[in-house]
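Sharing a structure here in structure tokens format.
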């Protein structure tokens, strides 16, 4: 998914779920920021304090290059798997178990854990909720692919097919796909690199064949993205009850028709973001105040060491480190799933 979903839609679902708008904006920013934190760095201060950041995304080119370097850590397993391709843990082979699956049991277990009272009320609880929302929502778009280099991700060349797309939109998508293929030739078997950004377009109905002969079956993005919105609405309603107390901020009805109409529009990302803001402004989603525009650089390292602990920058990276460790070291290797990723 892209920022129209991970920020604007997530904000709307958080408010509808009963999270106060200011807190909902923190949740939504954390959700989208997952896609914008590409590097692990150390921020240092004159008094000796430092912040070790946690990378939560990699450009597919960078990820492919890193994964191919002999003797270097496969960053995809530490980044793409816990934040974007939570394994479904279904099947007999390792490759099958690594495949991301829509609304999977491991993803729901992750949500349940992050909804525990200590975590939801933690200082980084809002940021953790945003990160969890990102990883969970991605199961509704990234299903059928895994977050590491695997032949199971490879796509049969020329097998992409689109359903009922305007000719100009289809041409744009195919041109973008061909350009994407040229750029990421080293990572076509990493994540959904083989099909470009098609899983992330909310309006798309499409299909393809894997290189090993499997059929993807019909992929109905409008339907699965609507499912994701429903699921996020429910998640945030539970989060609101735990963080603020039952009845403090009741959840609001889910405006299904309005959301379905937004998802169906064949528009580029920036215009899809505008649709969400217009729907908030016009009251189509109910009582959801218009959110601020998303700017990745709004969360900066604090200028003073004394301000570190309460900064969104620090709290996000605390939450990201916690989430990654939980998914990779506790959830997936547990007796229930028995999957060692990294």
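Computed from the coordinates by the stated procedures, all read-outs in this text should not be read as laboratory data. Worth saying up front: this structure is predicted, and the values here are computed from it rather than measured. Cβ sites come from the backbone with ideal geometry, for glycine too, and all protein chains shown count toward neighbours.
So how do 85-93, 11-19, 193-201, 98-106 stack up, highest first, on mean other-Cβ count within 10 Å?
Highest to lowest by the protection proxy: 11-19, 193-201, 98-106, 85-93.
In square nanometres and to one decimal, what's the mean projected area of the convex hull around the Cα atoms of region 283-342? Before the final figure, lay out the partial values.
Numbers: hull surface 31.5 nm².
Averaged projected hull area, Cα only: 7.9 nm².
Between residue 207 and residue 303, what length comes free when the chain is fully extended (0.36 nm per residue of separation minus the Cα-Cα distance, one decimal in nm)? Let's see the in-between values first.
Details: separation 96, 0.36 × 96 = 34.56 nm, distance 4.89 nm.
Between residue 207 and residue 303, full extension yields an extra 29.7 nm.
If you don't mind, another one. Would you calculate a helix-derived [θ] at 222 nm for the chain, using -39,500 (n - 2.57) for each DSSP H run of n ≥ 4 and dividing by the full residue count, to the nearest 500?
Working: 13 runs with 149 residues, N = 342.
That calculation yields -13500 deg cm²/dmol at 222 nm.
Run the quick spin-label model on residue 116 and residue 334: label points 7 Å from Cα toward the beta carbon, then report their separation in nm to one decimal.
Rounded to a tenth, the inter-label distance reads 0.9 nm.
While we're looking at this one, here's another question. Does region 3-331 classify as rounded, prolate or oblate by the C-alpha gyration tensor (a ≥ b ≥ c root eigenvalues; a/c under 1.5 gives rounded; else a/b over b/c gives prolate, otherwise oblate)?
Working: a/c = 1.61, a/b = 1.17, b/c = 1.38.
Since a/c reaches 1.5 but b/c is at least a/b, the shape of region 3-331 is classed as oblate.
Now, a different point. To the nearest 0.05, how large is the calculated FRET efficiency for residue 214 and residue 258 if R₀ is 35 Å and r is the Cβ-Cβ distance? Could you put the intermediate results ahead of the total?
Working: r = 36 Å, r/R0 = 1.03.
The calculated FRET efficiency here is 0.45.
Sort 83, 313 so that the residue with the fewest other Cβ atoms within 10 Å of its own Cβ comes first and the one with the most comes last. Numbers along the way, then the final one.
Values: 83 26, 313 20.
Exposure proxy ranking, most exposed first: 313, 83.
Now a separate question. Could you sort the peptides 327-340, 117-130 by per-residue average Cβ neighbour count (10 Å cutoff), highest mean leading? Walk me through the numbers before you get to the answer.
Working: 327-340: 15.4, 117-130: 20.6.
Result, highest mean first: 117-130, 327-340.
Something else about it: List the residues of region 299-342 whose backbone N lies under 13 Å from a point placed 7 Å from the Cα of residue 52 along the Cα-to-Cβ direction.
Output list for this probe position: 318, 321-322, 325.
Continuing with the same structure: Once you keep just the Cα pairs under 8 angstrom separated by 6 or more residues, what percentage relative contact order results for the chain? Numbers along the way, then the final one.
On the way: 598 pairs, mean separation 81.5, N = 342.
Taking the mean separation of contacting Cα pairs over the length of the chain, I get 24 percent.
In nm, to one decimal, how far is the residue 292 label point from the residue 39 one, both placed 7 Å along Cα→Cβ?
About 2.5 nm separates the two model spin labels.
Measure off 7 Å from each Cα along the Cα-to-Cβ vector at residue 108 and residue 310, then give the distance between these two points in nanometres to one decimal.
Reported label-point gap for residue 108 and residue 310 is 4.0 nm.
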